[in-house]
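A short worksheet on the structure shown next.
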Amino acid sequence: MFWAAKAGFDYVGAFVLLPIMALLAVILLLANPRLNPGPLIYRQIRMGRHGVPFVAYKFRTMLASDVVRGPSDPLETRRITAFGKVLRRSGLDEVPQILNILRGEMSLIGPRPDCLSHAELFMRVIPDYRKRLAVRPGLSGLAQIELGYAEGVEATRDKVRADLRYLSRAGFRQEGFVFWRTIVTICTGRGDWPGRPARHRATRRTSAQTLRNDTMPSGSTRAAVNVPPYTAPVSTAILPASAKGSSNGWWPKATH
C-alpha cells in the first residue's frame, strides 16, 4: 500500500511543483548572464532503479570544464560560482529533476542517484550498494538530509547504510519526516555542499553513531530492506541506444 501511494504522490507532487520550477527557471535565466554565465540546465547520466541509466537534469552551478572527475576525486569547488553556492545550499539546483519524476525515472524521496561511472565502481567495491537500486532514486532522501554531499568511497559507504535504513523503515511517517527536513533545508539554506567538508566530517561521525545498531561488524546491513517486489537481477547499467556514439549529447563535460 505504501509504495503504491508513494508513486501516486510523486506524480501529484511533481505537477504541483512544475509552476515553481518554471518561475525559478525564468528568474535564473535573467540572473545567470550576470551571476552565473553559461547554460541554464546541466545534464548528467546517472544510475537509476535496477541499474538502468537515465539523464538527470539540474540547474547549472559550476563553470564549464573538460575535466571528468573520478569517484574518489575531490570536487573542483573553485568552479562553483557564488550564485551556484546559493543554489546548492538551498537544494534548488535539483529542482529540474521534477521532469525526471514525471518521466517515471525518479521519486520525490529516495536514495540519491549517483553519476553512472561512479555508481558502476561503487557496485564493485561496496557490497550493499546494489540494494539501494531496488527503488527509484529520489529528489531528496534520508542520506541527503543526514549526511549531505558524499564524496569518495568511504563517504558513500555511510550513504549506503543510511539509504538501506530508509528502505528498511519505509513508511508514511519516515516519508513525512524526510519531506519536512527537505523543506526546512530549502527555506533556511542550510543544505550541504562539497565546499563545506568540516560539516560533512562532523555529520559523518554522528551518522556512524546513529547507524551502529543497523550494521554488523562485517559491515553488512542487519535490518531487512523493505522494498517493492522485483524478480529481475540488478544489471550493470547500459547506455540507451540513442546515447551510443554521441558522447557530446549525453556525457557532460564536468561532474556537478
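Miscellaneous remarks
- Lys, Arg +1 and Asp, Glu -1 on Cβ, resulting dipole of the range 109-149 about Cα centre, debye, nearest 20: 140 debye
- Taking 0.36 nm per residue of separation and subtracting the current Cα-Cα distance, fully stretching the chain between Phe15 and Arg34 would add 3.8 nm.
- Ordering of 132-145, 45-58 by burial proxy (mean other Cβ atoms within 10 Å per residue, highest first): 132-145, 45-58
- Residue among Ser72, Leu28, Thr61 farthest towards the positive dipole end of the range 1-72, charges placed on Cβ: Ser72
- Cα gyration tensor shape of the range 10-152, rounded if a/c is under 1.5, else prolate or oblate by comparing a/b with b/c: oblate
- Cα Rg over Rh - the range 16-92, Kirkwood: 0.99
- Along principal axes, Cα extents of the range 93-194, largest first, whole Å: 36, 28, 27
- When peptides 26-35, 115-124 are ranked by their average number of other Cβ atoms within 10 Å per residue, the highest-first order is 115-124, 26-35.
- Proximity of backbone amide H atoms, modeled 1.01 Å from N, is registered between Gly138 and Ser107, Gly110, Arg112 at under 5 Å, excluding neighbours fewer than 5 places apart on the same chain.
- Peptides ranked, highest mean first, by Cβ atoms within 10 Å: ranges 179-185, 19-25: 179-185, 19-25
Every read-out reported here was derived from the displayed coordinates using simple, explicitly stated rules and does not represent laboratory data. These numbers were taken from a predicted model, which means no experiment stands behind them. Ideal geometry is used to build each Cβ from the backbone, glycine not excepted, and the neighbour counts take in all protein chains shown.
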